[in-house]
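Following: one structure in structure tokens, then a few remarks.
Bear in mind these aren't lab numbers, they're just calculated from the coordinates by the rules spelled out. Keep in mind it's a predicted model, so treat the numbers as computed, not measured. As a convention, Cβ positions derive from the backbone with ideal geometry for all residues, glycine included, and neighbour counts pool all protein chains shown.
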Amino acid sequence: MKTKITILLAALFVSFNIGFAQQDEECMNNLSIFDSYVKSKKYDDAYGPWNIVRNKCPKFNRAIYAYGEKILMHKIENSTGADQVAHINDLMLLYDQSRENFQSKYDLGEILEDKANLAYKYQKELGKNQQDLYNMFDAAFTKDAKNFTNPKALYTYFSLAVDLFDAGKMPAQSMFDKYDDVIEIIEGIVGTNTVKLNKLAAREEAGETLSKKDAKRKSSYESYIDAFETKIIPSMDKKLGDRATCEVLVPLYEKSFEEKKDDKLWLQRAMNRMYAKGCKEDPLFLKLVEQKNSIQPTADTAYYLYLLTGEQKYFDQSLELEPDPLRKAKLYKKLANDLKDKGSYGRARQYYQESMSLNPSDGSPYLAIAAMYAKSANNCGSDNFSKRAVFWLAASTAERAGRVDGRLKSAAAKSAASYRASAPSKSDIFTKGNAGETINIGCWISRSVKVPSI
């Protein structure tokens, strides 16, 4: 439930029909009283007047439910035994009532998610077992997946599936399917936030200073994406652990292949899982890719064929078949990473730049390019000074990563500082006598850098 009240109490009076308010003067007075108590964090004092409004005028104002959650959480946290269970169940009821009375403000998935989170937190007090809890999260997924978006809830949902598998109450395939279900939800959330973030990042790159409101939005998008990409997904992979090794996956998929070979979703998920777990050397991986490609060629099948054959035509095909710009950006970055690992820095930079053109708020390609510059310093200069000057270029490139991607500010600053420490010092510049001059860097880098003034 959204606990943040964005409308001041004065606005509450305006937002309702005056005649209705006059008829329910008791509700209006008690609303004012419990509003004041909640804002002062006097939740016990707020409980009485809040309950009066809740029971007599359940549709009177949304604060009944937003503030009611705070009041009841306080009661839960400061009680034990039967009293605590009663308050927990009352909060469950309040969640249902919030949607019943303000349906447009409370999505079904959000409400079911809140109830499942509450039950999970107090599972011992409520006597809930793993299956009970899983069923509650599963209801949020099956009934309203688009509004089942809380990072913690999504992780708990998958974690419970793994626990059920470990207890012998869920088949391996169902557990893997649940992983994919949750990952697809996460990809959708991250994609939506990335599109919004890119618009703001593009404005900043064009030299515009964002308003405080837009800067706050940018930070919010970055935090949300970061929560999923650096916390939730890694935690899911860690939870899955050895349950999804090649030794487990290959016999599982071999056993199901004949039955599932015409199931496009199964094939897609099976080959994705094998690739993610480093099983692409197994003959089954090629078998899955070729089968999927024969009935439904996709960007993924083309990319996997590129990995298996090394033929550029398959990578080009993967780009042609991928309609989503963000997924296409990831494909470019994958190829760039592969080329970087092989030491083909010029081509890697080209594909990193393609990736950034499609996803400008992702600063990681700048860090990768900066690293390639730094590794090439000894090979891209005519003398010691010009070789070390490459580190200025590496530093400025790393700093750019932090400007476009707030999630990388710290890492970018550390990288830039490290590169600058390897660049010519002020005394070197003084001795060389070339402060302010532009140095052209040769080899694959083919860029220029200006010597700092001293």
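Note on GLU281/ARG447: beta-carbon distance plugged into 1/(1 + (r/R0)^6) with R0 of 45 Å gives a FRET efficiency of 0.75. Reducing the stretch 386-454 and the stretch 172-194 to their Cα centroids gives an inter-centroid distance of 40 Å.
Net charge within 13 Å of GLY343 by Cβ-Cβ distance, Lys/Arg positive one each and Asp/Glu negative one each, not counting GLY343 itself?
+3
When all alpha-carbon pairs of the chain are counted, what percent fall beyond 28 Å? So the pairs more than 28 Å apart make up 65 percent of the total in the chain.
Checking the cross-link pairs LYS260/LYS334; LYS216/LYS409; LYS260/LYS287; LYS342/LYS409 against a 18 Å limit on the alpha carbon distance flags LYS260/LYS334; LYS342/LYS409 as lying beyond it.
Once both labels are modelled 7 Å past Cα along the beta-carbon direction, what's the ARG203-LEU321 spacing in nm? Those two pseudo-labels are separated by 3.8 nm. Once the Cα-Cα distance is subtracted from the 0.36 nm per residue extended length, the ASP166 to ALA86 segment shows a gain of 25.6 nm.
For a modelled paramagnetic label at ASP383, 7 Å from Cα along Cα-to-Cβ, the residues of the stretch 431-454 in reach, with backbone nitrogen under 12 Å, are 431-434. Of the GluC sites (Glu not before Pro) in the stretch 241-336, the ones in a loop by DSSP (not H, G, I, E or B) with at most 13 other beta carbons within 10 Å are GLU281, GLU311.
Among residues other than GLY207 with Cβ under 14 Å from its Cβ, the summed charge is 0 (Lys and Arg +1, Asp and Glu -1). Approximating the spin labels as points 7 Å out from Cα along Cα→Cβ, the ASN29-to-LYS105 distance works out to 2.4 nm. What do you get for the angle between helix 151-166 and the principal long axis of the chain? Use alpha-carbon atoms, 0 to 90 degrees, nearest ten. The angle comes out at about 90 degrees.
If you find the alpha carbon centre of the stretch 106-164 and of the stretch 247-322, how far apart are they in angstrom? The stretch 106-164 and the stretch 247-322 have Cα centres separated by 32 Å. The phi-based Karplus calculation (6.51 cos²θ - 1.76 cosθ + 1.60; θ = phi - 60°) puts the 3J(HN,Hα) values of the stretch 442-454 at x, 6, 5, 5, 6, 10, 10, 9, 8, 6, x, 6, 10 Hz, whole numbers, x for Gly and Pro. Full extension of the chain segment joining SER418 with VAL248 gains 56.9 nm, where the gain is 0.36 nm per residue of separation less the Cα-Cα distance. Helix 246-260 versus the longest principal axis of the chain: what is the Cα-based angle in degrees, 0 to 90, to the nearest 10? Roughly 70 degrees, rounded to the nearest 10. Any idea what angle helix 63-77 forms with the longest principal axis of the chain, computed on alpha-carbon atoms, 0 to 90 degrees, nearest 10? That helix lies at roughly 90 degrees to the long axis. With a cut-off of 13 Å between beta carbons, the residues surrounding LEU164 carry a summed charge of -1, where Lys and Arg count +1 and Asp and Glu -1.
Go through LYS70/LYS143; LYS255/LYS280; LYS255/LYS292; LYS70/LYS196 and tell me which ones have a Cα-Cα distance over 22 Å in this structure. Cα-Cα > 22 Å for LYS70/LYS143; LYS70/LYS196; rest within.
By the helix-only formula, in which each DSSP H run with n ≥ 4 contributes -39500 (n - 2.57) and the sum is divided by residues, the chain has a 222 nm mean residue ellipticity of -23500 deg cm²/dmol. Taking label positions 7 Å along the Cα-Cβ direction at both GLU311 and ALA215, the computed distance is 5.3 nm, reported to one decimal.
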